[in-house]
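So the structure is just underneath, and the comments pick up after that.
The values are calculated or read from the model by the stated rules, or taken from the named source; none is laboratory data. Remember, it's a predicted structure, so these values are computed and weren't measured experimentally. Here the Cβ positions follow ideal geometry from the backbone for every residue, glycine too, while neighbour counts run over all protein chains shown. The area values use the complete protein model at the heavy-atom level, side chains included, leaving out ligands, DNA and RNA. Shrake-Rupley method; radii C 1.70, N 1.55, O 1.52, S 1.80 Å.
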Amino acid sequence: MARSMLIVSRQSPWSGPGAREALDIALAGGAYDLPIGLLFLDDGVLQLAPGQHGATLQQKDLTANLKALSLFGVDKLYACARSLADRGLANTALAPAVEILDAQGLAELINRYDQVITL
Amino acid sequence: MNERLIVGEHPVALDKEGYLVDLDDWSEAVALQLATAEGIELEADHWEIIGLLRAFYSEFQLSPATRPLVKYVARELGPEKGNSQHLNRLFNGTPAKLAAKLAGLPKPSNCL
Amino acid sequence: MLSHSPFSDGRLASCLRLLAAGDALLLTGDAVYALAADTVQRQALELMPDSVALFALEEDLQARALVSLPARLTAVDYSGFVDLCTRYARVNSWL
């Protein structure tokens with residue numbers, strides 16, 4: 001049984017390579033059928049805000065890539081409730097859909113995975 | 001060393017692995033010529049997959065690795081075509097890389 | 001495991017929120033600056049529950065001349081570092 005990995009993505013989609021790197025790890029792991037979870041924490045939840053346009057900044061559209069996760073076998077997506085609330089996203093429809101976790105839920109989530117990496 | 005393809009009168013730039021440098025250069029004529037270079041004669045079954053790959057890219061902005069490609073094809077065309085046997089047969093055993101090339105997409109980055 | 005300066009980003013604050021009973025926090029590199037006296041970061045570390053253990057890499061402390069460290073801190077060398085990695089079920093590296 002392959003070891004499961006939780007990837008914690010906590011960078012905004014526009015601040016540098018962190019968000020892209022976290023996503024690439026998830027896609028690569030998913031393509032190899034590893035059990036992958038992806039948690040959006042801190043500024044990482046900004047990746048889930050709808051209606052973003054990467055082309056305006058001459059960047060590839062990370063939000064479009066995120067929607068491919070389920071085809072790569074990564075459908076365990078989570079976001080931190082507090083991070084969302086702090087950034088005004090508590091009542092926003094997120095894309096792709098994620099399971100929203102409170103502090104207790106986050107602790108349980110992390111304990112369910114064999115490996116955790118935070119970018 | 002980078003190559004060029006001449007399609008009609010237009011030079012089309014390729015990277016050193018034979019993928020299009022500019023995705024906007026793609027046309028069916030370009031696909032035909034790339035396929036000939038790979039020893040493949042494009043038929044309806046090929047075009048169907050090439051069309052799907054271009055749709056995949058325009059939706060997700062990335063080239064799929066084999067597993068997601070199979071899943072996507074199965075979702076769109078059903079399991080008779082969305083399986084690795086069918087795709088391997090069409091694209092010489094490396095469907096993710098070769099079909100992406102013929103569809104004018106970048107090389108799939110999660111395909112080692 | 002943290003290795004970035006606690007003064008220039010939110011990793012420490014965010015990590016502190018995720019720590020649960022039985023976890024340990026290992027500071028390496030510039031993250032050991034969180035132990036500097038008279039800082040809110042130091043206070044936050046002192047206020048962690050007793051069920052969370054606190055470690056720092058000794059050579060990073062020495063290089064940065066960090067002294068008068070909190071009593072709850074255990075300084076470790078590299079073999080202690082490896083030991084910690086094997087003692088805990090998983091390591092979360094904050095890259």
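Just the number please: accessible area per residue for region B:25-106, 1.4 Å probe, all protein chains included, in Å².
Values: 3690 Å² over 82 residues.
Ligands and nucleic acids excluded, the result is 45 Å² per residue.
Give a residue-ordered list of calculated ³J(HN,Hα) values for region C:6-21 (Karplus: 6.51 cos²θ - 1.76 cosθ + 1.60, θ = phi - 60°; whole Hz; x for Gly, Pro).
x, 8, 10, 7, x, 4, 4, 4, 5, 5, 4, 5, 8, 5, 10, 4
B plus A alone minus the pair: what accessible area, both sides summed, probe 1.4 Å, in Å² to 100? List each step's numbers first, then the result.
Numbers: alone 6570 and 6540 Å², together 11780 Å².
The B and A chains share an interface burying roughly 1300 Å².
What FRET efficiency comes out for the pair residue C:64/residue B:42, r = Cβ-Cβ distance, R0 = 51 Å, nearest 0.05? Don't skip to the end; give the middle numbers.
On the way: r = 64 Å, r/R0 = 1.25.
E between residue C:64 and residue B:42, to the nearest 0.05, is 0.20.
Using the heavy atoms of the protein chains and a 1.4 angstrom probe, tell me the accessible area per residue for chain C in square angstrom.
Numbers: 4840 Å² over 95 residues.
Roughly 51 Å² per residue, with all protein chains present.
Using only protein heavy atoms and a 1.4 angstrom probe, determine the accessible area buried between A and C, summed over both sides, in Å² to the nearest 100.
Details: alone 6540 and 5460 Å², together 10780 Å².
That pair of chains buries around 1200 Å² in total.
Convex hull over the alpha-carbon atoms of the protein assembly as shown: what's its volume per residue in Å³? All intermediate terms of the calculation are to be shown ahead of the outcome.
Details: hull volume 56.4 nm³, N = 326.
Output value, Cα hull per residue: 173 Å³.
Exposed loop sites here are GluC sites (Glu not before Pro) in DSSP loop states with at most 16 other C-beta atoms within 10 Å. What is the longest stretch of chain B lacking them? Spell out each step's value before the answer.
Numbers: sites that count: B:9, B:17, B:38, B:41, B:43, B:80.
Within chain B, the longest run free of exposed GluC sites (Glu not before Pro) spans B:44-79.
Could you pull out every residue, at least 5 positions away or on a different chain, whose amide H is within less than 5 Å of the one on residue C:24? Hs are placed 1.01 Å off N in the peptide plane, and Pro or chain starts have none.
C:53
Pop out the carbon and sulfur fraction of the accessible area of region A:5-118 as a percent, whole number, probe 1.4 Å. Can you show the working numbers first?
Values: 2490 of 4840 Å².
Its accessible area is 51 percent carbon and sulfur atoms.
Please compute the net charge surrounding residue B:20, taking Lys and Arg as +1 and Asp and Glu as -1 over other residues with Cβ under 15 Å from its Cβ.
Working: positive: B:4, B:16, B:54, B:97, B:101, B:107; negative: B:3, B:15, B:17, B:22, B:24, B:25, B:28, B:38.
Combined, the nearby Lys, Arg, Asp and Glu give -2.
Pulled fully out, how much extra length does the chain show between residue C:85 and residue C:44, if you take 0.36 nm times their separation in residues and subtract their Cα-Cα distance? Kindly include the intermediate steps, with their values, before the conclusion.
Values: separation 41, 0.36 × 41 = 14.76 nm, distance 2.36 nm.
Taking residue C:85 through residue C:44 to full extension adds about 12.4 nm, to one decimal.
Just to confirm a number: summing +1 for Lys and Arg and -1 for Asp and Glu over residues other than residue C:72 whose beta-carbon lies under 9 angstrom from that of residue C:72, what do you get? Write down the numbers at each step before the final one.
Working: positive: none; negative: C:46, C:50.
So the environment of residue C:72 carries a net charge of -2.
Please compute the net charge surrounding residue A:75, taking Lys and Arg as +1 and Asp and Glu as -1 over other residues with Cβ under 13 Å from its Cβ.
Values: positive: A:67, A:76, B:71; negative: A:33, A:99.
So the environment of residue A:75 carries a net charge of +1.
Order B:86, A:53, most accessible first, counting only protein heavy atoms with a 1.4 angstrom probe.
Details: B:86 15, A:53 130 Å².
Reading off the accessible areas and sorting them downward yields A:53, B:86.
Tell me, what HN-Hα J-couplings in whole Hz come from the Karplus equation 6.51 cos²θ - 1.76 cosθ + 1.60 at θ = phi - 60° for each residue of region A:89-100, using x for Gly and Pro?
With coefficients 6.51, -1.76 and 1.60, one gets 10, 4, 10, 9, 6, 8, 9, x, 5, 9, 8, 9 Hz.
What 222 nm value per residue comes from the helices of the protein assembly as shown, counting each DSSP H run with n ≥ 4 as -39,500 (n - 2.57) and dividing by all residues, nearest 500 deg cm²/dmol? Walk me through the numbers before you get to the answer.
Numbers: 13 runs with 120 residues, N = 326.
Computed ellipticity for the protein assembly as shown at 222 nm equals -10500 deg cm²/dmol.
If you line up the Cα atoms of chain B on their principal axes, what length do they span on each, largest first, in Å?
So the extents along the principal axes, rounded to whole Å, are 40, 26, 23.
log₁₀ I(q)/I(0) of chain A at q = 0.12, 0.14, 0.20, 0.21 Å⁻¹, via Debye over equal Cα point scatterers, no solvent, to two decimals?
Treating every Cα as an identical point scatterer, log10 I(q)/I(0) equals -0.38, -0.53, -1.10, -1.21.
First compute the accessible area of chain C with a 1.4 Å probe, then give the percent of it belonging to carbon and sulfur atoms.
Values: 2630 of 4840 Å².
Of all accessible area on chain C, carbon and sulfur atoms account for 54 percent.
Strictly greater than 17 Å: what percent of every Cα pair in chain C meets that?
Working: 1946 of 4465 pairs.
Pairs farther apart than 17 Å: 44 percent.
So what is the relative contact order of chain A, in percent, for Cα pairs below 8 Å that sit 6 or more residues apart? Please list the in-between numbers first.
Numbers: 200 pairs, mean separation 41.9, N = 119.
Relative CO of chain A lands at 35 percent.
Distance in nm between label sites at residue C:77 and residue A:85, each 7 Å beyond Cα in the beta-carbon direction?
Calculated label separation equals 4.7 nm.
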